[in-house]
Amino acid sequence: MTNYALIIGIFILNSTTISNVLIFSLISFLLIINYRQIKVNTFEKIILCLFLLPSFAISFLFEFNQLQFLRFSSIIILILLFPTTSFFQLKKRRIILAIIIYIFTIQIALLFNFEPVKIFVDNYYPIDINYWDYGNAEEFSSLADIVGLRFGGYFYNPNVLGINIYLLVCLYIGNIKLYKDYNKTILLTILIISFISIFLSGSRTSLIVFIVTIFVAFYKQLKSYFIPISFFLIIVLSTSLFQFVQELNDARALSNIFSLFTDKGDSGYAKYFGFYTYFKDYNYSDINELLALFFGKMGWSYQFDADLGYLLSFFGLFATVLIMTYLLILFNKSKNELKFLYIIFLASVGGTIIMNFRFSIIALYLISYTYNLKNKRTKACVE
């Protein structure tokens, strides 16, 4: 049950220190009872860890952060645990549907200001200051008002909710593709609920990677339905629902979606301009800062909101290149029918996967699905 407890905890537990320590304890326990995983890709793992360790040493030249050390340790453990599919089989897939429904239900309940749920979230998912409070449906006069804003449920941050839902979908799809058996009704239910949830979150990054992943994963199935689906859409757009579609044009999830990083007034541009500014103004004359540039300092003092910036600041230039190289090696060793799961790293363009404490664990499971063990998968399952 350890793996199931870990998956539930990642998506359901609040973001307090106690919750994070509990999750860290679970992955540490998995490493202890599955220590044989270290033998898979041993050489690559040793090289990668050796290039990550200097960031720990150099971190003492700066302000040592215990929470960042927890993040650092978890990444080392995840590297050693790869691939998880040799000891973990997600037999109880409906747990994914249950978690998605749980997240979506709370998101909708907060949207309509349902008091019992609001009290529950305030008690069990506390936050000091909610910077993402966009109000509720009672304050809006039209659908356009609702879809133009963002709703993050108990995650508060809408982008975080979007990525959580997206990773849950990938976890389900990756598993059914791995074992080639699934319930079409459950899959369709998951996709519909997830799309609505991500759309209401207004997370453009999550929406893009969600659509791309679904298209690539089910391209052959969608291909046979392309003509009837297109015909249906033409009918829909030419009827009374046309006004509904026009209102959706104001949705935040669709706003400026094709110029995320070119429009100077958009958050995407601001994010990467800040990234550019940070390294442009870097103190290259300071020997300590120069060491941190190449080997990292196990932390960061700048809000990048993107994996690349956090990787460079946390692990340094050398280790970042090595991490990317290692992922490419794993990609080449992956099963062709499951390589689409690497699309999850597209979310790193506008968010974090590798450097997010919880998301990196789900990434471990997903990339493990793709890894080709040459038909030597063990039937053992740690439950």
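The values are calculated or read from the model by the stated rules, or taken from the named source; none is laboratory data. Small disclaimer: the values here were computed from a predicted structure and weren't measured. Cβ sites come from the backbone with ideal geometry, for glycine too, and all protein chains shown count toward neighbours. Just the protein is used for accessible areas: all its heavy atoms, side chains included, with ligands, DNA and RNA removed. Shrake-Rupley method; radii C 1.70, N 1.55, O 1.52, S 1.80 Å.
Scanning the range 35-54 for residues that are without any contact (Cβ under 8 Å) to a residue 40 or more places away in the chain and either touching a Ser or Thr at 6+ places or on another chain (Cβ under 6 Å) or open to solvent by less than 40 Å² (accessible area, probe 1.4 Å) (or both) yields Lys45, Cys49.
Can you confirm whether Ser313 is farther than 14 Å from Ser55 by Cα, without any contact (Cβ under 8 Å) to a residue 40 or more places away in the chain and open to solvent by less than 30 Å² (accessible area, probe 1.4 Å)? The answer is no for Ser313. Determine whether the range 66-81 contains at least one residue that is basic (Lys, Arg), crowded, with 18+ Cβ neighbours inside 10 Å and in a helix (DSSP H, G or I). Looking through the range 66-81, at least one residue is basic (Lys, Arg), crowded, with 18+ Cβ neighbours inside 10 Å and in a helix (DSSP H, G or I). Look at (1) part of a helix (DSSP H, G or I); (2) closer than 26 Å to Leu161 by Cα; (3) of a type in the set (D, E, K, R) and you find that Lys92 fails only one, number (1). Per the conditions (1) under 19 Å from Leu207 (Cβ atoms); (2) among the hydrophobic types (A, V, I, L, M, F, W, C); (3) modelled with pLDDT under 60; (4) assigned to a helix (DSSP H, G or I), the sole criterion not satisfied by Phe261 is (4). Does the range 129-145 contain at least one residue that is in a loop (DSSP other than H, G, I, E, B), over 25 Å from Val21 (Cβ atoms), in contact with a Gly (Cβ under 6 Å, 6 or more places away or on another chain) and at pLDDT below 95? Scanning the range 129-145 turns up at least one residue that is in a loop (DSSP other than H, G, I, E, B), over 25 Å from Val21 (Cβ atoms), in contact with a Gly (Cβ under 6 Å, 6 or more places away or on another chain) and at pLDDT below 95.
Quick grid of which residues meet (1) open to solvent by 60 Å² or more (accessible area, probe 1.4 Å); (2) charged (D, E, K, R); (3) more than 26 Å from Ile10 (Cβ to Cβ); (4) at pLDDT 90 or above:
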position: Gly299; (1), (2), (3), (4): no, no, no, no
position: Asp305; (1), (2), (3), (4): yes, yes, no, no
position: Leu317; (1), (2), (3), (4): yes, no, yes, yes
position: Tyr326; (1), (2), (3), (4): no, no, no, yes
position: Ala363; (1), (2), (3), (4): no, no, no, yes
position: Cys381; (1), (2), (3), (4): no, no, no, no
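For the range 328-359, taking the residues that are over 17 Å from Leu168 (Cβ atoms), at pLDDT below 90 and small (Gly, Ala, Ser), the one that is farthest from the chain's Cα centre (by Cα) is identified as Gly350.
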